[in-house]
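First up is the structure itself, then whatever we jot down about it.
The values are calculated or read from the model by the stated rules, or taken from the named source; none is laboratory data. The model shown is predicted, which means the values in this text are computed figures rather than measured ones. Here Cβ is always computed from backbone atoms with ideal geometry, including for glycine, and neighbour counts include all displayed protein chains.
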There are 2 protein chains.
Amino acid sequence: MIEFNVEFFGYSAAILTTLAFLPQLIKTIKTKTADDVSLITLIMFLAGVGFWIIYGIKISSLPILTANLITFFLNTLILVSKIYFSNKKL
Amino acid sequence: MIEFNVEFFGYSAAILTTLAFLPQLIKTIKTKTADDVSLITLIMFLAGVGFWIIYGIKISSLPILTANLITFFLNTLILVSKIYFSNKKL
């Protein structure tokens, strides 16, 4: 049996948990609503990802920095879309 | 000025990105709907978190393991609630 490299799991994890937010962004833009998506979750998550970015810089980890910059970018777009479509309904 | 410890950022990041999913779970249970939450996002995210758990075990990192076990648990409950409330509407 092939023994997978440890890095394989780390990179698969980073790619999946980063790109996972792309379908949410596409869905929000397509359906023009994200009312069911928790605002508190988005804000807490963005704050946390912001700390991961600082942590990545401090420990000079390019994978942590890159993955979290993309996650931050995607989730900011989800947050902005949510607020934009929510205001449009008023 | 106090120079914050690197670990402070790592632990703050881990706590925030883990507990961020609690408000989403509470919101889903309260409103009895999570139609706007992307199913593909949840599945990709759970798969990614699963890889982080394996990675955490392989590199013997208790913080990575603990944070991702909680994240996996919370997101599984969000996924189950989403499917449950979605089926109830049919």
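Structure summary
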quantity: In the stretch B:39-50, the residues that are of a type in the set (A, V, I, L, M) and either at the interface with chain A (Cβ under 7 Å from one of its Cβ atoms) or surrounded by fewer than 17 Cβ atoms within 10 Å (Cβ to Cβ) (or both); calculated: B:39, B:40, B:43, B:44, B:47, B:49
quantity: Criterion: touching a helix residue (DSSP H, G or I) at 6+ places or on another chain (Cβ under 9 Å) and modelled with pLDDT of 95 or more - qualifying residue of A:9, A:21; calculated: A:21
quantity: Residue in the stretch A:27-38 that is within 11 Å of the chain's Cα centre (by Cα), at the interface with chain B (Cβ under 10 Å from one of its Cβ atoms) and either over 16 Å from residue B:18 (Cα atoms) or among the aliphatic types (A, V, I, L, M) (or both) present; calculated: no
quantity: Segments classed as helices (runs of 4 or more DSSP H), wholly inside the stretch A:1-85, with at least 3 members that are touching a residue at least 40 places away in the same chain (Cβ under 8 Å) and of a type in the set (Ser, Thr, Tyr); calculated: A:6-19
quantity: Selected residue (criterion: nearest to residue A:53 (Cα to Cα)) from residues of the stretch B:51-67 that are more than 8 Å from chain A (Cβ to nearest Cβ) and over 13 Å from the mean Cα position of the chain (by Cα); calculated: B:63
